[in-house]
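Note sheet for the following structure.
The values are calculated or read from the model by the stated rules, or taken from the named source; none is laboratory data. Computed from a predicted structure; not experimentally measured. Positions of Cβ are generated from backbone atoms using ideal geometry, with glycine treated the same way; all protein chains shown enter the neighbour counts.
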Amino acid sequence: MTKLPTGDQFLHMLSALANPQRLRILAALSKRQAYVSELARELKMSRPLLHMHLQRLEGAGLIIGRHEVSADGKALRYFKVAEFHEQLTPGRISEAVETLTLENEPYRKEKR
């Protein structure tokens with residue numbers, strides 16, 4: 001049986017997916033793995049902006065990055081889609097809420 005992500009992990013995943021650029025990145029990587037410069041050209045996006053989105057997706061566990069050295073000695077960072085399966089249902093949301101922590105609820109933080 002596969003363990004479901006905690007409420008915090010679930011929220012982090014949903015937050016990462018709530019951006020059209022990150023959805024485009026996931027769609028491109030679902031076809032094949034790619035290195036940063038290659039993906040930036042394909043998506044017509046600057047490398048710094050792409051890198052920021054890749055960090056967010058990797059942090060949410062949606063993609064996996066790895067370093068590789070090319071034949072000419074260049075260091076390349078390849079990314080591929082991680083294996084994940086999540087269902088967005090009322091029941092799943094209720095389960096996720098059970099394990100949310102207060103850090104993810106900014107409206108409940110104490111005022112300083």
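A few points about this structure:
- The single condition among (1) over 30 Å from THR99 (Cα atoms); (2) touching a Lys or Arg at 6+ places or on another chain (Cβ under 9 Å); (3) in a loop (DSSP other than H, G, I, E, B) that LEU4 does not meet is (1).
- Test for ALA27: is it free of Cβ contacts under 8 Å to residues at least 40 places away in the same chain, out of contact with any helix residue (DSSP H, G or I) (no Cβ under 8 Å at 6 or more places or on another chain) and in a helix (DSSP H, G or I): yes
- Among the conditions (1) in contact with a helix residue (DSSP H, G or I) (Cβ under 8 Å, 6 or more places away or on another chain); (2) within 17 Å of GLY65 (Cβ to Cβ); (3) aliphatic (A, V, I, L, M); (4) in contact (Cβ under 8 Å) with a residue 40 or more places away in the chain, the only one that LEU17 does not satisfy is (2).
- Condition met for SER37 (part of a helix (DSSP H, G or I) and loosely packed, with under 13 Cβ neighbours inside 10 Å): no
- Only a single criterion out of (1) surrounded by fewer than 15 Cβ atoms within 10 Å (Cβ to Cβ); (2) out of contact with any Ser or Thr (no Cβ under 6 Å at 6 or more places or on another chain); (3) modelled with pLDDT under 95 is not satisfied by GLN55, namely (3).
- Selection count where residues are farther than 18 Å from ARG56 by Cα and either exposed (fewer than 10 other Cβ atoms within 10 Å of the Cβ) or charged (D, E, K, R) (or both), scope segment 67-84: 8
- Failed condition for LYS111, given (1) of a type in the set (Lys, Arg); (2) at pLDDT 95 or above; (3) exposed (fewer than 14 other Cβ atoms within 10 Å of the Cβ): (2)
- For segment 49-101, residues that are among the charged types (D, E, K, R), in a helix (DSSP H, G or I) and either in contact (Cβ under 8 Å) with a residue 24 or more places away in the chain or touching a Lys or Arg at 6+ places or on another chain (Cβ under 9 Å) (or both) total 4.
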